[in-house]
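These notes concern the structure reproduced below.
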Amino acid sequence: MTDRLMLLDTASLYFRAFYGVPDTVKAPDGRPVNAARGLLDMIAKLVATYEPTHLIACWDDDWRPQWRVDLIPSYKTHRVAELVETGPDVEVVPDPLEAQIPIIREELGALGIPIVGAADHEADDVIGTLATGSPLAVDVVTGDRDLFQLIDDERSVRVIYTGRGMSNLEVLTDTAVVTKYGILPTQYADFAVMRGDASDGLPGVAGVGEKTAATLLAAHGDLAGIIAAAERGDGMSAGVRAKVLAAADYLAVAPTVVEVVRNLPLEIPDSRIVAPDPGAVAELSERWNLGSSAERAATALTARA
């Protein structure tokens, strides 16, 4: 059995569960448990399907780090519910989901799945650090395309992409990224910088979409090569050159925002999958009315222990 580490982009998954599972089922205290239940079902499916030996739930200790906002003030601005001068900005999270976060952390604990976060950093950065430093093959589970930059066939790092739903999961390798975008995973961060991403408040280079970005990367290798060619005035049309030069200030800072951090000083827990305590899982399920979802997750994990 080949050891394989599965890294969960936890918030990406529980947001998807919240919006994908009806909120009609509630805990005894009246709060919905659709996100908590849905996440358990996701874990059960992912573990049974991809058979990891190790599992970590990566956490957003800071979903909008100030150092990224300092570089690009529009970064995730549309997701801000409240600006807090003395602390992290408050993210737009529906109240019924916010109320389930403690349950989600509790169920992960009952299943023996360690939670790893890092101060002033997003889960993406935790995932980047763990995926880069792991001696094991790695599966990154996420709905965030920015993590495609971590894909590396040579190191057996794949992305299990949930963007099309849990019933239509995509396993992305080097070849899949080349087929999908016409670029290598090592070029993906530069590609994302140029294309921009409205969901993250990244403007991109005005007038440069995915096709042009991919063409420029094919011709010049990376963002530095593209900028150098634009400054020299060769290797691209006058129109594209003007667009790249006009975005010089943005291009000077955007790579730092888009590139995931890969060298955080994390305390890495023992992540080997263990068989959860059936009594603890049953008690948790009864207390929060998690139905058979907790049992399915526990069964899947027990089979891999």
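The values are calculated or read from the model by the stated rules, or taken from the named source; none is laboratory data. Because the structure is a prediction, the values reported are computed rather than measured. Cβ atoms come from the backbone with ideal geometry, glycine included; neighbour counts cover every protein chain shown.
Structure data summary
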read-out: Unique residue being of a type in the set (Val, Ile, Thr) and touching a Leu at 6+ places or on another chain (Cβ under 6 Å) when the list is Val244, Val240, Val253; value: Val253
read-out: From the options Val281, Val274, Val244, Val208, residue that is closer than 20 Å to Gln149 by Cα and not charged (D, E, K, R); value: Val208
read-out: Out of Lys211, Lys243, sole residue that is under 26 Å from the mean Cα position of the chain (by Cα), over 28 Å from Asp125 (Cβ atoms) and either surrounded by fewer than 19 Cβ atoms within 10 Å (Cβ to Cβ) or not β-branched (Val, Ile, Thr) (or both); value: Lys211
read-out: Where Ala303 falls short, out of the listed (1) touching a Pro at 6+ places or on another chain (Cβ under 6 Å); (2) not assigned by TED's automatic domain parsing to the domain that holds Ala35; value: (1)
read-out: Close pairs (7 angstrom Cβ cut-off, 6 or more residues apart or separate chains): modelled with pLDDT under 95 in the range 228-247, part of a helix (DSSP H, G or I) anywhere; value: Gly233/Arg241; Gly235/Ala219; Gly235/His220; Gly235/Ala229; Met236/Leu216; Met236/Ala229; Met236/Ala230
read-out: Residue in the range 207-215 that is in a loop (DSSP other than H, G, I, E, B) and among the polar types (S, T, N, Q) present; value: no
read-out: Of residues in the range 47-76 being within 25 Å of Ala110 (Cβ to Cβ) and in contact with an Asp or Glu (Cβ under 8 Å, 6 or more places away or on another chain), the one modelled with the lowest pLDDT; value: Trp63
read-out: Residue tally, condition part of a helix (DSSP H, G or I) and over 25 Å from Arg304 (Cα atoms), over the range 17-38; value: 4
read-out: Qualifying residue in the range 135-143 (condition: in contact with a His (Cβ under 8 Å, 6 or more places away or on another chain), surrounded by fewer than 22 Cβ atoms within 10 Å (Cβ to Cβ) and not assigned by TED's automatic domain parsing to the domain that holds Ala248); value: yes
read-out: Residue in the range 256-275 that is at pLDDT 95 or above, of a type in the set (S, T, N, Q) and touching a His at 6+ places or on another chain (Cβ under 8 Å) present; value: yes
read-out: Output for the range 246-296, where each listed residue is among the small types (Gly, Ala, Ser), assigned by TED's automatic domain parsing to the domain that holds Ile43 and within 24 Å of the chain's Cα centre (by Cα); value: Ser271, Ser293, Ala294
read-out: Pairs, first over 18 Å from Thr132 (Cβ atoms) and touching a residue at least 24 places away in the same chain (Cβ under 8 Å) in the range 250-277, second in a loop (DSSP other than H, G, I, E, B) and of a type outside the set (Ser, Thr, Tyr), C-beta under 6 Å, six or more apart; value: Val257/Ile72; Ile273/Ala305; Val274/Gly112; Val274/Ala305; Ala275/Ala305; Pro276/Leu111; Pro276/Gly112
read-out: Test: residue in the range 158-179 that is at positive phi, surrounded by fewer than 19 Cβ atoms within 10 Å (Cβ to Cβ), modelled with pLDDT under 95 and small (Gly, Ala, Ser); value: yes
read-out: Hits in the range 134-188 - residues which are more than 14 Å from the chain's Cα centre (by Cα), touching a residue at least 60 places away in the same chain (Cβ under 8 Å) and part of a helix (DSSP H, G or I); value: Met166
read-out: Among (1) in contact with a helix residue (DSSP H, G or I) (Cβ under 6 Å, 6 or more places away or on another chain); (2) within 30 Å of Val47 (Cα to Cα); (3) outside the structural domain of Ile56 (by TED's automatic domain parsing) - the single one Ala229 does not satisfy; value: (2)
read-out: Members of the range 214-240 found to be of a type in the set (D, E, K, R) and surrounded by 14 or more Cβ atoms within 10 Å (Cβ to Cβ), listed by number; value: Asp222
read-out: Residue check, Asp70 surrounded by fewer than 20 Cβ atoms within 10 Å (Cβ to Cβ), outside any helix (DSSP H, G or I) and not assigned by TED's automatic domain parsing to the domain that holds Asp249; value: no
